[in-house]
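Remarks on the structure that follows.
Rule-based calculations on the coordinates, nothing more; no lab input. Keep in mind it's a predicted model, so treat the numbers as computed, not measured. Cβ sites come from the backbone with ideal geometry, for glycine too, and all protein chains shown count toward neighbours.
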Amino acid sequence: MDCCAQLGLLPVEDALLRMQQQLIPVQETEWVDVALALDRVLAEAVLASINVPASDNSAMDGYALRGADAQTDGALFEVIGQSLAGHPFCFAAQQGAASALGSMQAVRIMTGAMIPAGADTVVMQENVTRTGETLQLNTAVVTGDNIRRAGEDIKIGSEILSQGHRISALDIGLLASLGIARVKVWRKLRIAVLSTGDELLPPGAPHNADKIYDSNRPLLCALLQRLAVEVKDVGIVADDLPALRTAFTQAMQWADLVISSGGVSVGDADYTKAVLAELGEIDFWKIAMKPGKPFAFGRLGAGWFVGLPGNPVSTAVTYHQLVVPAVRYLAGEKTLELMQLSAIAEQRLKKQPGRMDFQRGILINDQGVNRVVSAGSQSSGVLSSMAKANCYIRLEAERGTVQPGETVTVIPFDKFIS
C-alpha cells in the first residue's frame, strides 16, 4: 500500500467537485471587438442575423439553367450572360423586362456566384459544349445539382455559439463571416501568482549550490496566458510569517484567485497554510493524487486561493488537473471533459495502490493502435520528463503496477499545459 494513502486524503474527483460546488463564476461583463476576443468566454449566446450563404449560389464553375429543360442529352441553350462572385447576373441590364431565366436559356456562372432568378440547376462546364452563345449538354442533368442553398450552412436566427463558450480562432472567423464586430464576454479573471521558499532564486540570479531556481512561478504565469486572464506576478516570498501575511494580504485585495507554490506540505518552515488559515478558510489541503498530494484550496477574503506543491512536476500536474477546471469555471465557461483514450502500455509502469497516479507518457498511434511509453523519470522534481511527454498515463487509485500489454487510460496534453 502506498505510504501516502492514509486516511484524510481526498480523492481527485471529490476535490474537483468540492471546488466547483463552492466557486462562484464572475458576473461582470464587457463588450470586446471580435478581433480581440480570442480565448474570451461568451456572456451570452450569439445568434445569426443573416443566412450563410446569404443566397443560393453555385458550387461549381459551369452554367445555371432550369433543370426541367435539361433532361435529355444534346439539349441546346442560349447563353444570355454571366454571374460572377460579387457580380450577379442582372436581368434588367440584359433582358429588358425579363425578371427570370426563360425556357432553354442559360447563364455562365462561377463558383460562389449568385444563382439567377428562375434557375434551379448548375451544369458543370466539363459536361457541356459551347459554341458562341449556344450551349449543348453532353449528358442528362439532375435538377438541383451543384447549388448551395441560402442558409445551408447557417440559418438566420440559429444559435452559433452558446453562452459560456470559450472563443477559438475558428470562432473568430465564423463570427466575422456573419458580420459580427463585437461580442459580450465575461470580464477577465484576476489571478495573483507567488512562490514561497528561502531556497528559491529568480531566473538570472547568480547560481548558488544551496539554492534552486524558481521554475514554478514562470511556468504558472506562462500557462495562465492560455486562459486569457489578468496575471500579477507577486514574486518569491521568504519562509517568514510576516512576509507571507503581507504578500497574501496585498494579493487578495486585487485578485479573484491567488495561486501559490510551496509551503503546503508538513515541513516545520511551511507557513503558507498558517497564513491562509488566518486570512481565509482552508477547505482541504491533502488529496489522493501522485504527484501532488499537498494541495490546498479555500477562501481568501472575497476570493479564493489554491496552494500548489513545491516540486515542479507536482505544480504542473495539480495546476492542469485541478486549477485549470476551477479557473475555467470561475471565468464562466461551460467546460468540457478532458479527452481520454485507451492505450496499450509498452513497458512496465511501477505503481502502488492508494493514490491516483498521473505518470508522464509519450503516446503514439501504431497502425491504428494507441500505444504509450513512459517519458522518463517519474520523480516529482524532474521537469524534463514533463517537457518530453505528450500525455498523462492516468492510473486509478486502486491499481498497482502495470505490466506490458495491459490497457491504460491516457489523457493527451491540451493547450492548457503545452
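Tabulated results
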| read-out | value |
| --- | --- |
| At most 10 other Cβ within 10 Å, DSSP loop - trypsin sites (Lys or Arg not before Pro), segment 334-418 | K415 |
| Exposure proxy ranking, count of Cβ atoms within 10 Å, fewest first, for D61, D414, D214 | D414, D61, D214 |
| Full-stretch length increase - L17, K388 - with 0.36 nm per residue and alpha-carbon distance subtracted | 130.5 nm |
| Alpha-carbon Debye profile of the chain, log10 I(q)/I(0) at 0.07, 0.08, 0.10, 0.11 Å⁻¹ | -0.53, -0.62, -0.78, -0.86 |
| Estimated FRET transfer efficiency when R0 is 45 angstrom, pair T129-S177 (beta carbons, to 0.05) | 0.75 |
| Neighbour-count order for D357, D210, D198, fewest beta carbons within 10 angstrom listed first | D210, D198, D357 |
| Relative contact order (percent, whole number), the chain, Cα cutoff 8 Å, 6+ residue spacing | 17 |
| Length added when fully stretched, R299-E28, from 0.36 nm per residue minus Cα-Cα | 95.6 nm |
| Length-normalised contact order of segment 341-412 in % [C-alpha pairs under 8 Å, at least 6 apart] | 48 |
| The chain - share of DSSP beta bridges that are antiparallel (%, nearest 5) | 65 |
| Qualifying GluC sites (Glu not before Pro) in segment 379-418, DSSP loop, other Cβ atoms within 10 Å at most 10 | E398 |
| Relative contact order computed over segment 1-131 (Cα-Cα under 8 Å; 6+ residues apart), in percent | 29 |
| Most fluctuating residue given options Q105, Q359, Q378, as computed from a GNM of the chain linking Cα atoms under 10 Å | Q105 |
| Likely footprinting exposure, S58, S260, fewest C-beta neighbours within 10 Å first | S58, S260 |
| Theoretical ellipticity at 222 nm over the chain - DSSP helices of four or more residues, -39500 (n - 2.57) apiece, nearest 500 | -5000 deg cm²/dmol |
| DSSP bridge orientation in segment 304-380 - percent antiparallel, rounded to nearest 5 | 75 |
